[in-house]
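Have a look at the structure below before the remarks.
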Amino acid sequence: SAEELENRVREVKARLGNRLFIPGHHYQKDEVIQFADATGDSLVLAQLSAENRDAEFIAFCGVHFMAETADILTTSEQKVYLPDMRAGCSMADMADIYQTERAWEVLMDTFGDTILPLTYVNSTAAIKAFVGEHGGATVTSSNAEKMVAWAFEQKERILFLPDQHLGRNTAYNLGVPLEEMAVWNPQENRLEYEGAIENVKVILWKGHCSVHENFTVANVENVRKQHPEMKIIVHPECSREVVALSDMAGSTNYIIEAINQAESGSSWAIGTEQNLVNRIIQQHPDKHIVSLNPYMCSCLTMNRIDLPHLAWSLESIEKGESRNIIKVDEEVAVKAKLALDRMLQK
Ligand code: 13P
Ligand code: SF4
């Protein structure tokens with residue numbers, strides 16, 4: 001039963017004390033998040049991993065790339081575990097390192113040494129290493145504008161991996177017109193662009209989040225028609241069209257803060273992952289809050305971390321078993337850390 005599983009988690013936590021640290025991303029289920037020692041967006045969780053030097057065991061409640069980031073930023077004595085190895089991220093999987101190296105060759109031939117690569121943290125350690133090696137940095141949805149502005153101080157152009165929407169929304173906010181953005185198609189290994197090539201300032205990798213692509217212009221129009229008083233707030237992994245028609249856009253922490261500060265009685269439609277939207281609804285009974293898409297949009301891979309996996313994983317950690325350890329290859333980790341440090345030092 002759930003009660004029995006909760007007790008098992010509580011017992012291991014009590015026995016391991018400070019030796020165990022459980023970070024939880026905002027998209028995790030309530031049954032998991034209740035046991036998190038810290039919750040946050042990707043940036044906060046990366047910062048906490050970099051600062052934590054006490055915990056020997058980090059049971060990461062999030063997805064694979066987050067656990068990899070935690071491993072890269074912690075010491076070799078600290079071990080990072082992912083309670084279910086199937087908790088990946090379909091967006092991170094949309095850019096593999098071979099495609100990226102292949103793309104880079106073509107881009108160098110086309111544009112010469114004028115491009116700085118940036119990668120959303122939602123990417124594999126190998127992609128972060130590629131970016132680190134080429135002088136670039138990671139970004140999160142909380143600091144994307146700052147990092148893209150920084151990149152334009154170094155080079156004339158940027159390559160933004162792997163989320164075209166965060167890349168497009170961020171560059172647009174910084175004043176880059178849509179006509180100066182091209183899409184890199186990794187399947188066909190070519191640039192999708194109609195105009196004169198020298199006008200390209202931003203090259204967007206053709207990746208997306210399969211959760212946030214479910215928020216559509218039609219959803220926005222329905223809310224505007226049915227609830228004209230409602231404010232619409234979305235995550236920048238939503239398309240440019242959806243973000244443009246919304247009132248506000250920002251990271252998960254930004255969305256949480258905006259609703260915390262909203263007036264009692266105000267109405268909101270939120271365009272982000274459903275576990276988080278449900279939690280915000282529960283925490284604000286004085287406000288009228290709905291999902292921008294009335295059909296559930298939860299992240300199936302985030303949901304792979306559930307109470308049974310957490311209980312099993314913590315017990316396995318306590319027994320000293322080496323299951324579900326996330327260990328990034330040393331050579332990759334060193335280069336990926338360059339990209340992460342350039343972000344964390346900003
Ligand atoms: P943030 O927590 O940075 O807003 O990212 C959202 C996300 O999709 C994580 O997978
Ligand atoms: Fe990946 Fe999207 Fe799930 Fe985040 S919400 S883990 S970007 S698939």
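Observations
- Annotation note: of D84, D54, the sole residue that is surrounded by fewer than 20 Cβ atoms within 10 Å (Cβ to Cβ) and outside any helix (DSSP H, G or I) is D54.
- Count of the range 238-265 residues which are farther than 23 Å from T140 by Cα and either within 14 Å of ligand 2 (Cβ to nearest atom) or surrounded by 16 or more Cβ atoms within 10 Å (Cβ to Cβ) (or both): 1
Conditions tested, residue by residue: (1) among the charged types (D, E, K, R); (2) free of Cβ contacts under 8 Å to residues at least 40 places away in the same chain; (3) more than 16 Å from ligand 1 (Cβ to nearest atom).
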site: P23; (1), (2), (3): no, no, no
site: D37; (1), (2), (3): yes, yes, yes
site: D41; (1), (2), (3): yes, no, no
site: A46; (1), (2), (3): no, no, no
site: L82; (1), (2), (3): no, no, no
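- Residue list for the range 295-321, filter: outside any helix (DSSP H, G or I), farther than 27 Å from N143 by Cα and in contact (Cβ under 8 Å) with a residue 24 or more places away in the chain: Y295, D306
- Just one of the listed residues (S76, S49, S1) is buried (at least 24 other Cβ atoms within 10 Å of the Cβ) and at pLDDT below 95, and it is S49.
- Within the range 207-244, considering residues that are β-branched (V, I, T) and under 14 Å from Y295 (Cβ atoms), the one nearest to ligand 1 (Cβ to nearest atom): V211
- Unique match (being over 22 Å from the mean Cα position of the chain (by Cα) and assigned to a strand (DSSP E or B)) among L204, L191, L159: L191
The values are calculated or read from the model by the stated rules, or taken from the named source; none is laboratory data. Keep in mind that this is a model prediction, so the values were computed, not measured. Cβ atoms come from the backbone with ideal geometry, glycine included; neighbour counts cover every protein chain shown.
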